[in-house]
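Step one of this worksheet: look at the structure below.
A short reminder: the numbers here are calculations on the coordinates, not readings from a lab. Everything numeric in this text was worked out from a predicted model, so none of it was measured. A quick note on method: Cβ atoms are made from the backbone with ideal geometry, for glycine too, and the neighbour counts reach across all protein chains shown.
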Amino acid sequence: MGMDIIEFVICIEKEFNLQIPDEDSEEIRTIQDLVSNIESITPNEVSPDDIRERIFKIFNSEFGITNLKGDENLVVLFDY
């Protein structure tokens, strides 16, 4: 896992005030995988649409990545 991805996971954990277990983070390949993972950790607390919106905001503000759809591969996004 590259440094940008690690920084991204740290940003996500701070944004949602949670800890993504290492074994889970290794299985997350797409934005949708991440949304599903966060939703499973925080059931009924945050809607999938809100999770996705907040993830997109982090991509934009921290990494300058815009125009996301939600099915992008995270490794490809950070290989810029």
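Among the residues of the stretch 9-25 satisfying the criterion of being touching a helix residue (DSSP H, G or I) at 6+ places or on another chain (Cβ under 7 Å) and closer than 24 Å to GLY64 by Cβ, which is surrounded by the fewest Cβ atoms within 10 Å (Cβ to Cβ)?
In this case the residue turns out to be GLU15.
Only one residue in ILE5, ILE38, ILE28 is within 19 Å of ILE65 (Cβ to Cβ), in contact (Cβ under 8 Å) with a residue 24 or more places away in the chain and not in a helix (DSSP H, G or I). Which one?
Sole residue among the options that is within 19 Å of ILE65 (Cβ to Cβ), in contact (Cβ under 8 Å) with a residue 24 or more places away in the chain and not in a helix (DSSP H, G or I): ILE28.
How many residues does the stretch 41-59 hold that are of a type in the set (A, V, I, L, M) and either in contact (Cβ under 8 Å) with a residue 40 or more places away in the chain or closer than 14 Å to ILE6 by Cα (or both)?
Residues flagged as of a type in the set (A, V, I, L, M) and either in contact (Cβ under 8 Å) with a residue 40 or more places away in the chain or closer than 14 Å to ILE6 by Cα (or both) within the stretch 41-59 amount to 2.
I'd like the residue in the stretch 61-78 that is touching a strand residue (DSSP E or B) at 6+ places or on another chain (Cβ under 9 Å) and surrounded by 13 or more Cβ atoms within 10 Å (Cβ to Cβ) and, out of all such residues, is nearest to ASP4 (Cα to Cα).
Checking each candidate, the answer is LEU74.
Return the residues of the stretch 6-36 that are of a type outside the set (Asp, Glu) and more than 9 Å from the chain's Cα centre (by Cα); say none if nothing qualifies.
ILE6, ILE10, LYS14, PHE16, ASN17, LEU18, GLN19, ILE20, PRO21, SER25, ARG29, SER36
From (1) touching a residue at least 24 places away in the same chain (Cβ under 8 Å); (2) at positive phi, pick out the condition that doesn't hold for GLU62.
(2)
Could you tell me which numbered condition ILE58 fails, if it satisfies all but one of (1) touching an Asp or Glu at 6+ places or on another chain (Cβ under 7 Å); (2) in a helix (DSSP H, G or I); (3) loosely packed, with under 15 Cβ neighbours inside 10 Å?
Condition (3) is where ILE58 drops out.
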